[in-house]
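Only one structure is covered here, and it is reproduced in the block below.
The values are calculated or read from the model by the stated rules, or taken from the named source; none is laboratory data. Everything quoted here is computed from the prediction, not taken from an experiment. Cβ sites come from the backbone with ideal geometry, for glycine too, and all protein chains shown count toward neighbours. The area values use the complete protein model at the heavy-atom level, side chains included, leaving out ligands, DNA and RNA. Shrake-Rupley method; radii C 1.70, N 1.55, O 1.52, S 1.80 Å.
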Amino acid sequence: MVEEVEPHLQELRRGTVVLACLQLLCTPGYGYGLLEDLQSAGFATEANTLYPLLRRLEKQGHLTSHWDTGESRPRKFYQTSKQGIYLAQAMHSEWQTLSEAIDSLGDDPLTNEEK
Amino acid sequence: MTTPLPERYIAATVKHLPADLQADVHAELAASIDDAVEAHIDQGEERETAERVVLTELGDPAVLAASYVDRPLQLIGPRYYLAWWRVLKLLLIIVPTVFFVLVAGGHFLAGSPLGEIIGESLATGLSAFVHVGFWVTLVFATMDRTGFETGETWDIDQLPEPRKEHPGSQELVPSLVFLGLMLVALAWDQLRGFVQHNQEAIPVLNPELWPWAMLGLLAIIALEIGFAILLFVRGRWSTPLAMTNTILAVLFFSWAITLLARGELFSAEIIELALSNGATPDALYIMGVILGLGVGIICAWDSADGWVKSCRAGSSKVTEQQPATTQ
């Protein structure tokens, strides 16, 4: 049962990590710190998808980066660019539209079943 | 002392990356791994266990590197998979069969024992099978990786009539068979000879054409084979294809006419043989003219055929759109 459900859930989650990153990185953050923030915010993300994703978003201009050498170990900090904020807004409103659309479909399937 | 695991992991990852990315990814990955390892140690794990857990979660370094640079992890992607599969299936049926039959026929004519005929033709057929598989896949994988554009995007007008086959396949098979037979005939003529006279093999084409003129002909045949496959992959005629087809026809025509006009096309022996059998020089001259005209007509027809088909392919689009523009 779980094996059939999990791929569909992953399909739904895909893309939400991008939105979460763009929103969290409005205040600058670095790889591992962001990974922990995402996990505590409820976005199950793997390190090996997050790190390449950050680089891809940077390449596309949605993030900017700089090296912070002030602390004990040098870290690459990312921050959402103007373009990235625009993307986050677009994704956010799309998410809201989808969420309303799903609500308009009626009650939770489970509660229907119990009736 | 051996290099620590994280360092080995990072080295294994960045070696797959382009040089300009290596230093940056190296430093960032090192910091990220250190952060993660420390977090595990803070929870009471040994350093070595923590490193193992963190690196195992990151997974195969080659996969990580590939996702850093968006490198495809498949040989042939969805864009070319179907074209590759169609071409491969067709060629895997045609080419080994042709080779099998030709080798078997050749050995049979040469009077080889049955065991040798079977063994040799099976071995040739098998090796043709392997070669076709390898080369076709190599060409398509290269096309996929270099982002080679076939210039064709699917549109609704391409939907075939239910009774028609995949466009181009009716042309692909005869073209390939014809070109293959031509190659075999060339080789047979030059190496064994079609004409036997006084127990001596006489080549029809001038052996002195080797190497340059003959290599030129082989190059033209190779281009024709490439063109037949390209036409099959695109699935329909278009103006650039008709143009290429015309260029190839002109190339072949120039090759044949130049050699014919210079009297270098046929071997001296075959002309001597014809003269000694009662043909007059005048008759040979007229035959040469007829041959030249024949080549010209065939090339012109082939070229025109391409243009007609490409116009038809183009006009089927236009007529579909007309109702919208008349409103």
Against the condition modelled with pLDDT under 90, of a type in the set (Val, Ile, Thr) and under 48 Å from the mean Cα position of the chain (by Cα), how does B:THR56 come out, does it pass?
no
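I'd like the full set of residues that are open to solvent by 60 Å² or more (accessible area, probe 1.4 Å) and either within 7 Å of chain A (Cβ to nearest Cβ) or not small (Gly, Ala, Ser) (or both), limited to the stretch B:35-54. Steps first, please.
Of the stretch B:35-54, the ones open to solvent by 60 Å² or more (accessible area, probe 1.4 Å) are B:38, B:42-49, B:52.
Correct list: B:GLU38, B:ASP42, B:GLN43, B:GLU45, B:GLU46, B:ARG47, B:GLU48, B:THR49, B:ARG52.
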Select from the stretch B:9-25 the residues that are touching a helix residue (DSSP H, G or I) at 6+ places or on another chain (Cβ under 9 Å) and open to solvent by 60 Å² or more (accessible area, probe 1.4 Å) and list them in ascending order.
B:LYS15, B:HIS16, B:GLN22, B:ALA23
Suppose we keep only residues that are of a type in the set (A, V, I, L, M, F, W, C), more than 13 Å from chain A (Cβ to nearest Cβ) and out of contact with any Asp or Glu (no Cβ under 6 Å at 6 or more places or on another chain) within the stretch B:60-82. Which one would you say is nearest to A:ARG56 (Cα to Cα)?
B:LEU75
Going by what's in this entry, would B:ALA30 be described as more than 10 Å from chain A (Cβ to nearest Cβ) and either within 23 Å of B:ALA65 (Cα to Cα) or open to solvent by less than 20 Å² (accessible area, probe 1.4 Å) (or both)?
no
For the stretch A:67-77, give me each residue that is more than 10 Å from chain B (Cβ to nearest Cβ) and within 21 Å of the chain's Cα centre (by Cα).
A:PHE77
Could you please let me know if A:GLU94 is assigned to a helix (DSSP H, G or I), of a type outside the set (Ser, Thr, Tyr), more than 10 Å from every other protein chain (Cβ to nearest Cβ) and open to solvent by 70 Å² or more (accessible area, probe 1.4 Å)?
yes
Flag for B:GLY263 being of a type outside the set (Asp, Glu) and outside any helix (DSSP H, G or I)
yes
Failed item, numbered, when B:GLU57 is tested on (1) in a helix (DSSP H, G or I); (2) more than 9 Å from every other protein chain (Cβ to nearest Cβ); (3) open to solvent by 90 Å² or more (accessible area, probe 1.4 Å); (4) free of Cβ contacts under 8 Å to residues at least 24 places away in the same chain
(2)
In the stretch B:268-284, anything open to solvent by less than 70 Å² (accessible area, probe 1.4 Å) and either outside the structural domain of B:PRO207 (by TED's automatic domain parsing) or assigned to a helix (DSSP H, G or I) (or both) is listed as B:ALA268, B:ILE270, B:ILE271, B:LEU273, B:ALA274, B:ALA283, B:LEU284
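Just the residues that are assigned to a helix (DSSP H, G or I), open to solvent by 60 Å² or more (accessible area, probe 1.4 Å) and hydrophobic (A, V, I, L, M, F, W, C), please, taken from the stretch B:60-90.
First pass over the stretch B:60-90, keeping only residues assigned to a helix (DSSP H, G or I): B:61-68, B:78-90.
Okay, now just the ones that are also open to solvent by 60 Å² or more (accessible area, probe 1.4 Å), so B:63, B:78-79, B:81-82, B:85-86, B:89.
Once the filter is applied, which keeps residues that are assigned to a helix (DSSP H, G or I), open to solvent by 60 Å² or more (accessible area, probe 1.4 Å) and hydrophobic (A, V, I, L, M, F, W, C), the stretch B:60-90 yields B:VAL63, B:LEU82, B:TRP85.
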Looking across the stretch B:184-233 at residues that are charged (D, E, K, R) and in contact with a Leu (Cβ under 8 Å, 6 or more places away or on another chain), the single one that is modelled with the lowest pLDDT is B:ASP189
What residue, among those in the stretch B:286-304 that are under 30 Å from B:ASP157 (Cβ atoms) and free of Cβ contacts under 8 Å to residues at least 12 places away in the same chain, is least open to solvent (accessible area, probe 1.4 Å)?
B:ALA304
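Please verify whether the stretch A:100-111 includes one or more residues that are within 21 Å of B:GLU28 (Cβ to Cβ) and out of contact with any Lys or Arg (no Cβ under 6 Å at 6 or more places or on another chain).
Scanning the stretch A:100-111, I find no residue that is within 21 Å of B:GLU28 (Cβ to Cβ) and out of contact with any Lys or Arg (no Cβ under 6 Å at 6 or more places or on another chain), so the answer is no.
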Being within 11 Å of chain B (Cβ to nearest Cβ), among the charged types (D, E, K, R) and farther than 21 Å from A:GLU6 by Cβ narrows it down to one of A:GLU58, A:GLU46, so name that one.
A:GLU58
Among (1) in contact (Cβ under 8 Å) with a residue 40 or more places away in the chain; (2) in a loop (DSSP other than H, G, I, E, B), B:GLU45 falls short only on (1)
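In contact (Cβ under 8 Å) with a residue 60 or more places away in the chain, in a helix (DSSP H, G or I) and either surrounded by fewer than 16 Cβ atoms within 10 Å (Cβ to Cβ) or within 14 Å of another protein chain (Cβ to nearest Cβ) (or both) - does that describe any residue in the stretch A:12-22? Give the derivation first.
Taking the stretch A:12-22 as the starting set, the residues that turn out to be in contact (Cβ under 8 Å) with a residue 60 or more places away in the chain are A:15-16, A:18-19, A:22.
Filter again for in a helix (DSSP H, G or I), leaving A:16, A:18-19, A:22.
In the following step, the residues that additionally are either surrounded by fewer than 16 Cβ atoms within 10 Å (Cβ to Cβ) or within 14 Å of another protein chain (Cβ to nearest Cβ) (or both) were identified as A:16.
Within the stretch A:12-22 (the criterion being in contact (Cβ under 8 Å) with a residue 60 or more places away in the chain, in a helix (DSSP H, G or I) and either surrounded by fewer than 16 Cβ atoms within 10 Å (Cβ to Cβ) or within 14 Å of another protein chain (Cβ to nearest Cβ) (or both)), the answer is yes, since at least one residue qualifies.
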Please work out which one of (1) closer than 24 Å to A:SER65 by Cα; (2) touching a helix residue (DSSP H, G or I) at 6+ places or on another chain (Cβ under 7 Å) is the condition B:ASP34 fails and give its number.
(2)
